[in-house]
1. How about segment 140-155: which of its residues are buried (at least 21 other Cβ atoms within 10 Å of the Cβ) and aliphatic (A, V, I, L, M)?
2. Anything in segment 93-114 that is β-branched (Val, Ile, Thr) and closer than 12 Å to Cys141 by Cα? List them, or say none.
3. In segment 48-88, what count of residues is obtained for those that are within 23 Å of Tyr117 (Cα to Cα) and either surrounded by fewer than 13 Cβ atoms within 10 Å (Cβ to Cβ) or without any contact (Cβ under 8 Å) to a residue 40 or more places away in the chain (or both)?
4. With the structure loaded, tell me whether Gly61 is touching a strand residue (DSSP E or B) at 6+ places or on another chain (Cβ under 8 Å) and under 30 Å from Cys167 (Cα atoms) or whether it fails that test.
5. For Ala43, all conditions in the list (1) small (Gly, Ala, Ser); (2) touching a residue at least 40 places away in the same chain (Cβ under 8 Å); (3) not in a loop (DSSP other than H, G, I, E, B) hold save one; what is the number of the exception?
6. Quick one: which helices (runs of 4 or more DSSP H) lie wholly within segment 49-149 and hold at least 2 residues that are hydrophobic (A, V, I, L, M, F, W, C) and over 11 Å from the mean Cα position of the chain (by Cα)?
7. Inspect segment 135-142 for any residue being of a type in the set (Lys, Arg), without any contact (Cβ under 8 Å) to a residue 60 or more places away in the chain and in contact with a Pro (Cβ under 6 Å, 6 or more places away or on another chain) and give the result as yes or no.
8. On the basis of being on the phi < 0 side of the Ramachandran plot and at pLDDT 95 or above, does Ala173 make the cut?
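The values are calculated or read from the model by the stated rules, or taken from the named source; none is laboratory data. Only a predicted model underlies this, so the values are computations on that prediction, with no experimental measurement involved. Neighbour counts run over all protein chains shown; Cβ positions are idealised from the backbone, glycine included.
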Amino acid sequence: MNQSPVVSEDFKPLPALRGLGKLADVRPVVVIDSREQTPLVFARLQSERGILTTGDYSFSGGEETFSIERKSVGDLVGCVVGENRERFFRELHRLRGYRFKRLLIVGSREQIEAGDYHSNVKPKAVLATLAALEVRFDVPCVFAPSPKDAARQIESWAYWFAREIVCAANELARGCVE
């Protein structure tokens with residue numbers, strides 16, 4: 001025997017799901033952490049400065065689920081063995097709680113393999129540390145050959161991640177009773 005569910009007046013409509021059609025023409029806005037000293041330049045999405053709990057880049061509304069930590073090859077090498085190692089590891093540890101997180105390295109693996117950085121650290125040690133970081137902190141490491149490519153990659157990730165959130169909200173809205 002199927003019974004229709006009783007709609008209770010105790011549960012008001014979910015305000016966040018009203019008017020999803022208004023989202024049709026919006027794009028995510030990249031948030032650049034205010035502590036970022038040389039921010040990337042974004043050409044396809046708007047950006048704004050803000051305070052992020054962790055990481056250097058996110059998008060407005062996704063700050064608690066989406067975070068990108070950016071390092072140049074030189075910065076990365078300094079964080080692997082230098083005085084910033086513990087702070088860097090704490091940063092990566094905080095990223096573990098994010099649904100989407102990346103360590104975006106501006107440079108190339110070949111640059112590391114060639115030892116093209118200002119340090120006596122062996123390339124094998126840097127690459128082994130990267131592999132260990134991916135496993136230990138569940139943070140994929142991605143290379144971008146230039147700052148322009150890094151900015152384009154962040155824009156792409158922000159767009160597709162935000163799109164998935166909107167699609168999930170639309171699915172949820174379709175399953176709700178008005």
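1. Answer for segment 140-155, where residues must be buried (at least 21 other Cβ atoms within 10 Å of the Cβ) and aliphatic (A, V, I, L, M): Ala150, Ala151, Ile154.
2. Filtering segment 93-114 down to residues β-branched (Val, Ile, Thr) leaves 105-106, 112.
Matches in segment 93-114: Ile105, Val106.
3. 12
4. Numbers: touching a strand residue (DSSP E or B) at 6+ places or on another chain (Cβ under 8 Å): no; under 30 Å from Cys167 (Cα atoms): yes.
When the stated conditions are applied, Gly61 does not pass them.
5. (3)
6. Hits in segment 49-149: 73-81, 85-95, 123-137.
7. Scanning segment 135-142 turns up no residue that is of a type in the set (Lys, Arg), without any contact (Cβ under 8 Å) to a residue 60 or more places away in the chain and in contact with a Pro (Cβ under 6 Å, 6 or more places away or on another chain).
8. no
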